[in-house]
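Worksheet for the structure shown next.
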Amino acid sequence: MNAIGHLGRSAWLWLALMAPAIAADATKVAWHSDVESAWKITQEHGRPLLVFVTRESCLYCVQMKEGTYNDVAVAGAVNRSFVPLVIDGGGKSQLLRDLRVSAYPSTFVISPQAVILDRIDGYVPPEKLANRLNSLRPYVPVAKVVKDP
């Protein structure tokens, strides 16, 4: 067997073994944890910021992060259309003060123009969150609008 044939078999074997792991990673929300970098991406890509506010000792926060946000439909919608940011409600972020979080978990969708498009207080099951996120999709631009100089 020539080197190319061996390389081809190796590539197929690697792909067969790694495809499930790659697919599993693609179904998880790619959370950002830094407000400034997430906001920069929101601005650059013209996609709304999805902010998930959680607390360490919050049972419903854990259920939502591990259940709702790990749902394939929810994770796919979030990764395709939003810039996901997770922040601890116990932090001192200016964003937390501006959002006036009163319940945990809380989810906010904020436009690139810094307008709150949706606010969800409390736990939401996967189907309900997927529907709410999909209802916002007409807003989500396909490409960044370039401003005139």
May I ask you to list the aspartates and glutamates whose Cα is less than 17 Å away from that of Lys65, ignoring any residue fewer than eight positions away on the same chain?
Asp25, Glu56, Asp88, Asp121, Glu127
By how many nm would the segment from Glu56 to Asp34 grow when fully extended, if each residue of separation counts as 0.36 nm and the alpha-carbon distance is taken off?
6.2 nm
Over region 19-115, calculate the relative contact order: mean separation of alpha carbon pairs under 8 Å at least 6 apart, over the residue count, as a percent.
44 percent
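Subtract the Cα-Cα distance of Val72 and Asn131 from 0.36 nm times their separation in residues, and report this length gain in nm to one decimal. Walk me through the numbers before you get to the answer.
Details: separation 59, 0.36 × 59 = 21.24 nm, distance 1.31 nm.
Taking Val72 through Asn131 to full extension adds about 19.9 nm, to one decimal.
Quick note: the coordinates plus some simple rules give every number you see, no bench work behind them. Everything numeric here is computed off the predicted structure, so don't read it as measured data.
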